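Have a look at the structure below, then the notes.
Every number here is computed from the coordinates shown, using simple stated rules; none is lab data. All of these numbers come straight from a predicted model, not from anything done at the bench. Please note: Cβ atoms are built from the backbone with ideal geometry, for glycine as well, and neighbour counts cover all protein chains shown.
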Amino acid sequence: MENIRKEIDVLKEKIEYHNQRYYDLNDPEISDADYDRLFQRLLDLEKQHPELETHDSPTRKVGGRPKGGFLPVAHRSPMLSLENCFDPQQIFDFDKRVRKFLKNDAPVGYTVEPKIDGLAVELIYEKGALTVASTRGDGRTGENVTRNIKTILNVPLKLVTRKKSLPIPDLLEVRGEVYMDVAAFEKLNQTRMAKNEALFANPRNAAAGSLRQLDSRITAKRPLDMFCYGVGNAQRLPFKTHWDVMMAMQHWGLRVNRPHIQVCDTPDDVVTNCRHLEETRAQFPYEIDGAVIKVNRPDLQSQLGMKSRSPRWAIAYKFAPSQETTTVLGIHVQVGRTGALTPVAHLEPVELGGVIVSRATLHNQEEIDRKDIREGDRVIVQRAGDVIPEVVKTVVSKRTGNETKFVMPDACPACGSGIEKKPGEVVARCPNVNCPAQIRGSIRHFVSKGGMDIDGLGDKLVFKLMNKGLVKDEADLYSLTRTALLRLDNIKEKSAANLLGAIEASKTPTLARFIYALGIRHVGEFTAALLADHFGDIKALADARQEALSAIDGVGPQIAESVFSYFADAQNRNLIERLLAAGVKPKVIRSGPTDSPVTGKTFVLTGSLSTIKRSAAKETITQKGGKVGSSVSRNTDYLVVGETPGSKLQKAQEMGISILDEKQFLELLGA
């Protein structure tokens, strides 16, 4: 029992320390997942030994203390935290507890919405006018941030209504989350890097640090947004469901996350929606770390009431963590297909987003120096979608003195050539075009889905083929034989036949795909399509002068120089000749007829398309004379919207750009 008492005391001390780092200083030293594990362990111990639970335990508190410099604001209704759950079974357990408390065997009904990783705030509207805005603080008393909140463009200063059936209450306690888009967060950190200022660990800390500025002029310069997720006085409003409350708030001019709020009749529906949000989380323009599940009826919420730090009628389903704390075991340099040298941190393996991660990109020496990352450091790493993880920040307070600073090598680790670094560039490069690491990277790019799309040729197999001397460049792939493949380890008859079939099928790519597959520096899929459409033939492109390339709309001087230099190299020309001799015949596809409704129009795509691959959609647009843009602008003619669209949809709506769903898009294409 004494050991348990000591463990509880240690846990309390750690949690209080990290609460201060997170809530008061906006500078966390551990990941949210590490914090959740500490908190859950304390909860479990207190549940097993209630006699050891004290009134000042962190498990009874909400948020952090109000910050000095802000006037305090007492919340009329407490702003509590949410109890967390981490697997679907706990959602079913939550439903059982709710129905047991209500003494109700019938389905209760819930709403599910994304749990945005931001800063909780309360807006008080009196007779429709915003009078006070405050942070959550400790749940009962927050900080007055009214002046700062008023700088957020999507927060209305005055509510309006055009329906007699939806009058604005004399008093409305709006609860919401202030956050920062991932793109805006990255841009802010880049600016801070340039000024040699401390970086924010994640968008949540950037949002919190921005909103809690004593000078509202600083807040006004930060790209903050806000979603409203409920009202503190819902039980006193004339609405039968939480959904009705949300729709009323939207009608009054408050921003709610309507596309992603789902009403669920059963806990099975709740689980399905939670899983969908987790699977698509990388497509959101802002960070979400879970789903919030609420009993849909305010009258039932009132009956269920509150516990010490959380309501009984709501729970947060937490996703697999996208950030974790781990140790840098070493820093090694890898060489890419363009010769770029990239330092990579080898980490103590850690689970991130359901995947075991043991490496993280460090980008370049300047990045390492700015973040002061050393071998042996404790660091916070993050992973978004399928992107290689990166180190967010170093936990300097955990240093022992045994950490080692890293310096980029003077020679290429793959071939020994002296590295070069052009003036104005941060990336060091190996100048040897015959460097085996560059060749391996070029082959991987050549066979990728956006290129020749040769299924089955992964990194390990490419390495084996090169190591055995079977492949020295991309053209050698078309000389592979069944006999040679079967001599390799773990290659059986069926695998060899499938690979040879995929290689044969790749011989008739579109010209755009073929150009992209060559891996010309600065030439992505969009530029490759422009070049293919303009020249219509690989030989015509190869013979083009730099001035002719620069004259193409959408091809700048840097790209023109890169393309010209590529085809001026005798080795590259020889490679192309060997590919053509091996039977590769790029399909020449010109833009469609001038009377096509797509001709001359610029399309931007957002969200997932269900009946056509995005790559195929882009190719079809180009074939019919249209253009594909990467971002919404005044030059955009159509936004094509699939499932779970990002922030491009809202921007297009604000700019009055025509929006097409997938069916309308296919009809316009004539597909």
Computed E for residue 500/residue 611 - FRET, C-beta separation, R0 35 angstrom, nearest 0.05: 0.70
Inverse mean reciprocal Cα-Cα distance (Kirkwood Rh) of the range 21-180, Å: 18.7 Å
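Summing -39500 (n - 2.57) over the DSSP H runs of n ≥ 4 in the chain and dividing by its residue number, what mean residue ellipticity at 222 nm do you reach, to the nearest 500 deg cm²/dmol?
Values: 24 runs with 236 residues, N = 671.
Dividing the helical sum by the residues of the chain leaves -10500 deg cm²/dmol.
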Equivalent ellipsoid dimensions for the range 247-313 as semi-axes, Å, which come from the Cα gyration tensor, largest first: 22, 18, 13
Computed lengthening from residue 491 to residue 191, 0.36 nm per intervening residue step minus Cα-Cα distance: 103.0 nm
Calculated on alpha-carbon atoms, Rg and Dmax of the chain in Å: 28.7, 84
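Given +1 on the Cβ of Lys and Arg, -1 on the Cβ of Asp and Glu, and no further charges, what dipole in debye does the range 584-671 carry about its Cα centre, rounded to the nearest 20? Please list the in-between numbers first.
Details: 13 positive and 8 negative charges, 93 e Å.
In debye, rounded to 20, the range 584-671 gives about 440.
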Residue 510 long-range amide H proximity, modeled H, under 5 Å: 587
Label point distance in nm, residue 266-residue 49, each placed 7 Å from Cα along Cα→Cβ: 4.3 nm
For the range 121-136, Karplus couplings with θ = phi - 60° (6.51, -1.76, 1.60), whole Hz, Gly/Pro x: 9, 10, 10, 9, 10, 10, 6, x, 9, 6, 10, 9, 10, 9, 7, 5
Residues of type lysines that residue 240 reaches as a straight line, Cα spacing below 17 Å, ignoring anything fewer than 8 places off in the same chain: 294
Cα gyration tensor shape for the range 82-318, rounded if a/c is under 1.5, else prolate or oblate: oblate
Eligible lysines near residue 585 by straight Cα distance, threshold 20 Å, same-chain separation 8 or greater: 449, 507, 539
Residue order, fewest to most surrounding Cβ atoms within 10 angstrom, among 415, 435: 415, 435
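How long is the gain from residue 361 to residue 404 if the chain were fully straight, where each residue apart is worth 0.36 nm and the alpha carbon distance is subtracted? Don't jump to the answer; show the numbers that get you there.
Details: separation 43, 0.36 × 43 = 15.48 nm, distance 1.77 nm.
The span from residue 361 to residue 404 would gain 13.7 nm if fully extended.
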Per-residue HN-Hα couplings for the range 483-493 [Karplus 6.51, -1.76, 1.60; θ = phi - 60°; Hz; x = Gly/Pro]: 4, 5, 5, 5, 7, 7, 5, 6, 9, 9, 4
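By average Cβ neighbour count within 10 Å, what is the ranking of 154-167, 182-195 from highest down? All intermediate terms of the calculation are to be shown ahead of the outcome.
Values: 154-167: 12.6, 182-195: 14.9.
Ranked by mean Cβ neighbours within 10 Å, highest first: 182-195, 154-167.
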Centre separation in Å (Cα based) which lies between the range 185-228 and the range 449-490: 48 Å
Unmatched cysteines, the chain - criterion: no other Cβ of a Cys under 4.7 angstrom: 85, 228, 264, 274
Residue 131-residue 453 pseudo-label distance in nm [points 7 Å out on the Cα-to-Cβ vector]: 6.2 nm
5 angstrom amide H check on residue 601, placed H, neighbours 5+ away: 627
Karplus-derived 3J(HN,Hα), 6.51/-1.76/1.60, for each residue of the range 316-324, Hz, glycine and proline x: 10, 8, 8, 6, 4, x, 9, 10, 8
Cut-off under 5 Å, modelled amide H: who pairs with residue 264 long-range: 110, 111, 112
Sorted by Cβ neighbour density within 10 Å, fewest at the top, the residues 459, 93: 459, 93
Residue order, fewest to most surrounding Cβ atoms within 10 angstrom, among 56, 533: 56, 533
